[in-house]
Amino acid sequence: MKLSYPIEQFLRKASNDNRLLPSHISLFISMFYYSPGDAPDSFFKVSRKKLMRFSRIKSVATYHKCIRELVAYGYIIYQPSYDPYRASMVSLTTNK
């Protein structure tokens with residue numbers, strides 16, 4: 001079975017990246033799940049509550065640490081929203 005483009009590239013890259021923990025992988029997979037199917041590398045809205053539930057991350061601190069590290073490692077671009085009524089934006093960047 002051939003995997004979808006960002007997941008396939010992410011898994012190839014992640015398999016050789018010793019910095020990633022299961023929490024990073026599950027968070028990225030949950031972001032892919034909530035991304036638009038036709039363009040997962042474009043920006044889309046994310047909900048911390050939904051991503052934490054789907055990725056089974058229980059701690060807000062762990063969630064933010066994983067987000068910060070996924071950005072630093074080049075797996076995502078993250079635009080936080082500090083407004084409680086506006087969603088944060090994410091782009092999956094494993095192909096770059």
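Using helices alone, I'd like the mean residue ellipticity at 222 nm for the chain: each DSSP H run of four-plus residues gives -39500 (n - 2.57), total over residue count, nearest 500. Spell out each step's value before the answer.
On the way: 4 runs with 44 residues, N = 96.
Result for the chain: -14000 deg cm²/dmol, rounded to the nearest 500.
With a simple spin-label model that places each label point 7 Å from the Cα along the Cα-to-Cβ direction, the separation between Tyr34 and Gln79 comes to 1.6 nm. As a rough guide to protection, the peptides 77-86, 58-67 ranked by mean Cβ packing within 10 Å, highest first, stand as 58-67, 77-86.
Bear in mind that the values in this text are calculations on the coordinates, not laboratory data. Predicted model only: the values in this text are computed from it and were never measured. Don't worry about glycine lacking a Cβ; one is built from the backbone with ideal geometry, like all the others, and counts go over all protein chains shown.
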